[in-house]
Amino acid sequence: MLDRDGFRPNVGIVLLNSRNQVFWGKRLRTHSWQFPQGGIKYGESPEQAMLRELHEEVGLHPEHVQIIGRTRDWLRYEVPDHYIRREARGHYRGQKQIWYLLKLVGRDSDMNLRATDHPEFDAWRWNDYWVPLEVVIEFKRGVYEMALTELARFLPRVSHHNRYLRAGLRAQRHFGEHGAEHVGEPHGDDTGEPAAPDTVGDAGEPSNALAGTPAEPPAEEPHGGPAAAPRPAGAASE
């Protein structure tokens, strides 16, 4: 089903955990990582298509997630000719997508990459919100950046960040009142650059093939992974 401009209607899914990390899936038998996505079938609304794709690709049901937000309008990307089937060239240009931001209210173990006979992913991990675009296929990178930037305004507040900040401020105030030497600025959790998928960070290592939960990181950090993508300036506010 194509629109008059040759774009297929599609949905993309950004799935959060309680730490505002996102589900990051490794495409079957490739080295590319991406968010769940899929086409909108005739007669489906974008939300209906999103919930169907969520189950088909991740194994989750509507009761496992909460819809937090979505993009206002379609975001488009064009597919290079050499990725398009020969019979579709000339009238198919790419995808137009509505992106949804979801929060997992179930458990990691509710996920099942083998929910259908045609799995999309063979591994997954929790990744920092600003994913490393270098491991995304090149023609999708612009849409990923636009979607994450627009959806960032819906991100839930992570309460422990504020708790650590308040504790640090109280400690600083206490030292000041008693004349103690100030040895450093109070700070919250590290909010640095997202880890590349082949490095060990807060989000951990990729899961075992088609597993339901991410694996524990190994004791030694592997080397040679791609560099992490920088967070777009000013993306977290609108």
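The values are calculated or read from the model by the stated rules, or taken from the named source; none is laboratory data. Not measured: the values here are computed from a predicted model. Cβ atoms come from the backbone with ideal geometry, glycine included; neighbour counts cover every protein chain shown. Accessible surface is based on the protein model in full, side chains and every heavy atom, while ligands, DNA and RNA are left aside. Shrake-Rupley method; radii C 1.70, N 1.55, O 1.52, S 1.80 Å.
Checking ARG76, ARG4 one by one, the residue that is free of Cβ contacts under 8 Å to residues at least 40 places away in the same chain, over 17 Å from the mean Cα position of the chain (by Cα) and open to solvent by 70 Å² or more (accessible area, probe 1.4 Å) is ARG4 and no other. Please verify whether GLU63 is on the phi < 0 side of the Ramachandran plot, open to solvent by 70 Å² or more (accessible area, probe 1.4 Å), acidic (Asp, Glu) and assigned to a helix (DSSP H, G or I), treating the condition exactly as stated. Considered against the rule, which asks whether it is on the phi < 0 side of the Ramachandran plot, open to solvent by 70 Å² or more (accessible area, probe 1.4 Å), acidic (Asp, Glu) and assigned to a helix (DSSP H, G or I), GLU63 comes out as yes.
Filter region 65-114 for residues that are among the basic types (Lys, Arg) and out of contact with any Lys or Arg (no Cβ under 7 Å at 6 or more places or on another chain) and give the result. Listed by number, the residues that qualify are ARG70, ARG72, ARG85, ARG86, ARG89, ARG93, LYS103, ARG107, ARG114. In region 91-114, the condition of being within 18 Å of the chain's Cα centre (by Cα), farther than 25 Å from LEU28 by Cβ and at pLDDT 95 or above is met by at least one residue.
Per-residue answers, yes or no, for (1) closer than 17 Å to ILE67 by Cα; (2) touching a residue at least 40 places away in the same chain (Cβ under 8 Å):
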site	(1), (2)
SER109	no, yes
GLU120	no, yes
ALA123	no, yes
TRP130	no, yes
GLU134	no, yes
GLU138	no, no
MET146	no, yes
ARG157	yes, no
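Residue by residue, here is whether (1) modelled with pLDDT of 50 or more; (2) open to solvent by 40 Å² or more (accessible area, probe 1.4 Å); (3) among the small types (Gly, Ala, Ser); (4) touching a strand residue (DSSP E or B) at 6+ places or on another chain (Cβ under 6 Å) holds:
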{"residue": "PRO119", "(1), (2), (3), (4)": "yes, no, no, no"}
{"residue": "PRO132", "(1), (2), (3), (4)": "yes, no, no, no"}
{"residue": "VAL135", "(1), (2), (3), (4)": "yes, no, no, yes"}
{"residue": "PHE139", "(1), (2), (3), (4)": "yes, yes, no, yes"}
{"residue": "ASN162", "(1), (2), (3), (4)": "no, yes, no, no"}
{"residue": "HIS182", "(1), (2), (3), (4)": "no, yes, no, no"}
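Against the conditions (1) outside any helix (DSSP H, G or I); (2) farther than 21 Å from ASP3 by Cα; (3) at pLDDT 95 or above; (4) not hydrophobic (A, V, I, L, M, F, W, C), where does ARG72 fall short? Just the number, please. Failing condition for ARG72: (2).
Conditions (1) in a loop (DSSP other than H, G, I, E, B); (2) open to solvent by 40 Å² or more (accessible area, probe 1.4 Å); (3) among the polar types (S, T, N, Q), marked per residue:
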{"site": "ARG8", "(1), (2), (3)": "no, yes, no"}
{"site": "VAL11", "(1), (2), (3)": "no, no, no"}
{"site": "LEU15", "(1), (2), (3)": "no, no, no"}
{"site": "SER18", "(1), (2), (3)": "yes, yes, yes"}
{"site": "LYS26", "(1), (2), (3)": "no, yes, no"}
{"site": "GLU44", "(1), (2), (3)": "yes, yes, no"}
{"site": "ALA49", "(1), (2), (3)": "no, no, no"}
{"site": "GLU53", "(1), (2), (3)": "no, no, no"}
{"site": "GLU57", "(1), (2), (3)": "no, no, no"}
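Of note, GLU87 does not satisfy the criterion of being over 19 Å from ASP128 (Cα atoms), surrounded by 17 or more Cβ atoms within 10 Å (Cβ to Cβ) and either among the acidic types (Asp, Glu) or out of contact with any strand residue (DSSP E or B) (no Cβ under 9 Å at 6 or more places or on another chain) (or both).
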